[in-house]
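**Q** Have a look at the structure that comes next, please.
The values are calculated or read from the model by the stated rules, or taken from the named source; none is laboratory data. Here the structure is a predicted model, which is why all the values come from computation and not from measurement. Cβ placement follows ideal geometry from the backbone for every residue including glycine, while neighbour counts extend to all protein chains displayed.
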């Protein structure tokens, strides 16, 4: 799915001759998801999905902290706690 999403967003941006900005990425992600019937959508939800998959795959929480740009490990610990509660 990620490759297809990436390809569609790139094609749309190339066709429109516009630069990739945060609002443009957000709008394209929303449009992509809505066209597939996904109602809850957005870049922040995408970050949560990435964090969840990273943690469940055994990824290092210190690297995840850097990737997500959190200054404190406390937020990343909240992700870990939240996702481990889901699977209890």
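**Q** Select from region 27-44 the residues that are in a helix (DSSP H, G or I) and closer than 27 Å to residue 81 by Cα and list them in ascending order.
**A** First, pick out the residues of region 27-44 that are in a helix (DSSP H, G or I): 27-34, 43-44.
Correct list: 43, 44.
**Q** Could you list, in sequence order, the residues of region 50-88 that are under 19 Å from residue 22 (Cβ atoms) and exposed (fewer than 10 other Cβ atoms within 10 Å of the Cβ)?
**A** If we filter region 50-88 for residues that are under 19 Å from residue 22 (Cβ atoms), which is where we start, we get 50-51, 67-70.
69 - this is the single residue of region 50-88 that is under 19 Å from residue 22 (Cβ atoms) and exposed (fewer than 10 other Cβ atoms within 10 Å of the Cβ).
**Q** Among residues belonging to region 1-26 that are surrounded by 14 or more Cβ atoms within 10 Å (Cβ to Cβ) and over 12 Å from the mean Cα position of the chain (by Cα), point out the one that is modelled with the lowest pLDDT. Outline the logic, then answer.
**A** Looking only at region 1-26, we keep the residues that are surrounded by 14 or more Cβ atoms within 10 Å (Cβ to Cβ), and these are 5, 8-9, 12-13, 24-26.
Narrowing further to those that are over 12 Å from the mean Cα position of the chain (by Cα): 8-9, 12-13, 24.
On the way: 8: 72, 9: 66, 12: 69, 13: 63, 24: 77.
By that ranking, first place goes to 13.
**Q** For region 45-73, name all the residues that are under 17 Å from residue 25 (Cβ atoms) and assigned to a helix (DSSP H, G or I).
**A** Filtering region 45-73 for residues under 17 Å from residue 25 (Cβ atoms) gives 45-50, 67-69.
Result: 45, 46, 47, 48, 49, 50, 67, 68.
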